[in-house]
1. Of the DSSP beta bridges with both residues in the chain, give the percent that are antiparallel, rounding to the nearest 5.
2. Among Phe34, Phe93, what's the order by accessible area (1.4 angstrom probe), most exposed first?
3. Would you mind classifying the stretch 2-107 by shape? Square roots of the alpha carbon gyration tensor eigenvalues, ordered a ≥ b ≥ c; an a/c under 1.5 is rounded, otherwise it is prolate if a/b is larger than b/c and oblate if not.
4. Ignoring everything but the protein chains, give the 1.4 Å probe accessible area of Arg31 in square angstrom, nearest 10.
5. Normalised by the number of residues in the stretch 2-107, what is the relative contact order in percent for Cα pairs under 8 Å and 6+ residues apart?
6. Describe numerically, in nm with one decimal, the distance between label points set 7 Å from Cα along Cα→Cβ at Glu63 and at Phe34.
7. Output the peptides 48-57, 13-22 sorted from most to least packed, where packing is the average of other Cβ atoms within 10 Å over each peptide's residues.
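The values are calculated or read from the model by the stated rules, or taken from the named source; none is laboratory data. Remember, predicted model here, so these are calculated numbers, not experimental data. Cβ sites come from the backbone with ideal geometry, for glycine too, and all protein chains shown count toward neighbours. Note: accessible area is taken over every heavy atom of the protein model, side chains too, but ligands, DNA and RNA are not part of it. Shrake-Rupley method; radii C 1.70, N 1.55, O 1.52, S 1.80 Å.
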Amino acid sequence: MRYCPLDKIDYDDDVEECVVCGGPLVDGTSREQFDEADDDRWVELDPVNSLTHAKLVQEALEEEEIDSYIEAFYGGGGGDGYTATVMVQEQNFDDALEIQQGLTPPDEDDLIIDPDNDDF
Ligand SMILES: [Zn+2]
């Protein structure tokens, strides 16, 4: 597992750079960014169909001061070529799920990653 420390997104090992910010990935998982990484249990919210959507969820959670990170999976047939799961700590799960479900998925036009771009 590799991750982007800026965006807190985990990628597969064969991904070289973050598709959101273009920055280098480091070995490990975004979970290591949080103080209570080892003590708390992390759980998955509902999977979303694009990395863009996952970032929206992450930003909304951040506004509520809920720690989260993203696990990105390439090739899931999502809008930008990715599917993603937002991870939160167990005690925040109910609040986080409510926030996620209250968000409207982004339009195809708003995707931060262009699926037609050959660079990916
Ligand atoms: Zn990034």
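1. Numbers: 17 of 19 bridges.
Here the share of antiparallel DSSP bridges comes out near 90 percent.
2. Phe93, Phe34
3. Values: a/c = 1.81, a/b = 1.10, b/c = 1.64.
Oblate shape, in that a/c is at least 1.5 and b/c is the bigger or equal ratio.
4. Arg31 has an accessible surface of roughly 80 Å² with all protein chains in place.
5. On the way: 185 pairs, mean separation 28.9, N = 106.
Relative CO of the stretch 2-107 lands at 27 percent.
6. In this crude spin-label approximation the distance works out to 2.0 nm.
7. 48-57, 13-22
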